[in-house]
1. Exactly one condition in (1) at pLDDT 50 or above; (2) in a helix (DSSP H, G or I); (3) under 19 Å from PRO125 (Cα atoms) is not met by ASP7; state its number.
2. Consider SER73 carefully, then state whether it is over 18 Å from GLU171 (Cα atoms), hydroxyl-bearing (Ser, Thr, Tyr) and at pLDDT below 95.
3. Go through the stretch 53-124 and tell me which strands (runs of 3 or more DSSP E), entirely inside it, have 2 or more residues that are within 18 Å of the chain's Cα centre (by Cα) and in contact (Cβ under 8 Å) with a residue 24 or more places away in the chain.
4. Taking THR51 and the conditions (1) surrounded by fewer than 18 Cβ atoms within 10 Å (Cβ to Cβ); (2) hydroxyl-bearing (Ser, Thr, Tyr); (3) at pLDDT below 90, which numbered condition does it fall short on, given that it satisfies the others?
5. How many of the residues making up the stretch 149-173 are at positive phi and outside any loop (DSSP other than H, G, I, E, B)?
6. Picking from PRO148, PRO141, which residue would you name as being loosely packed, with under 10 Cβ neighbours inside 10 Å and at pLDDT 95 or above?
7. Of the residues TYR39, TYR63, which single one is modelled with pLDDT of 90 or more and either closer than 30 Å to ASP137 by Cβ or of a type outside the set (Phe, Trp, Tyr) (or both)?
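The values are calculated or read from the model by the stated rules, or taken from the named source; none is laboratory data. As the structure is a computational prediction, the values presented were derived from the model and not from experiment. Don't worry about glycine lacking a Cβ; one is built from the backbone with ideal geometry, like all the others, and counts go over all protein chains shown.
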Amino acid sequence: MRTPDRDRCRPGIALCGLALVSLVALALVIPVQGHSVEYRVLPNGTAYEGTVVLENSSGYQVYETGPLGERISVKVTNITLQGDCDPCRFNQTGEGAISFPKGNYILSYQAPVKENHITATYTDPYNVSVILPKGLDVRNPFLGVVSPGGNIEAVNNSSVTINWTGARSMELRFYDEQRESLLYMFGNFWIIIAIVLLTPYLLTMRRRGK
């Protein structure tokens, strides 16, 4: 008896389905290659050093995210460009716009940090790392902010690194040890106030229960 055509197609459909699932799984596991950027915050927290790895690029624009989600150009200084050139020449066409001959480069620059807050948007997906020196942190949820997708890692109590994979934007707000100490002091103050206010009520309830 001849097998119907639709029955013979089922194994092929199943194989195609398995192949599609495998491709999706690989896309989720393999990180975005090519573009990556690292922000290394300086010890005083007022500026950071950015290092960008660029492939087949002819320019780079440093943006931060505005209050309405708009892109705002960031003024950068101390720009250096490394690649298959000596020296590597570039043009700074705006506050945060840098152009150069198309190729593979490592671009470094310095930019200010405003109120312990770093934001950035990217035209392509980037692997992003932010390195905080000892004394700066983001792990207290009452003080620190890390945008979705950020993975926080502490390195031997000497620094904190936050990583994003394939990000088109990122946001981070850090704090120093003094601000964390003030938070604990403020919390302890309100705990004492609560105890003072609740003690007469608890004593009254205890007397009524006798």
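1. Evaluating ASP7 over (1) at pLDDT 50 or above; (2) in a helix (DSSP H, G or I); (3) under 19 Å from PRO125 (Cα atoms) leaves (3) as the failure.
2. Considered against the rule, which asks whether it is over 18 Å from GLU171 (Cα atoms), hydroxyl-bearing (Ser, Thr, Tyr) and at pLDDT below 95, SER73 comes out as no.
3. Counting at least 2 such residues, we get 63-65, 97-112.
4. (3)
5. Counting residues in the stretch 149-173 that are at positive phi and outside any loop (DSSP other than H, G, I, E, B) gives 1.
6. Result: PRO148 is the single residue among PRO148, PRO141 that is loosely packed, with under 10 Cβ neighbours inside 10 Å and at pLDDT 95 or above.
7. On inspection, the qualifying residue turns out to be TYR39.
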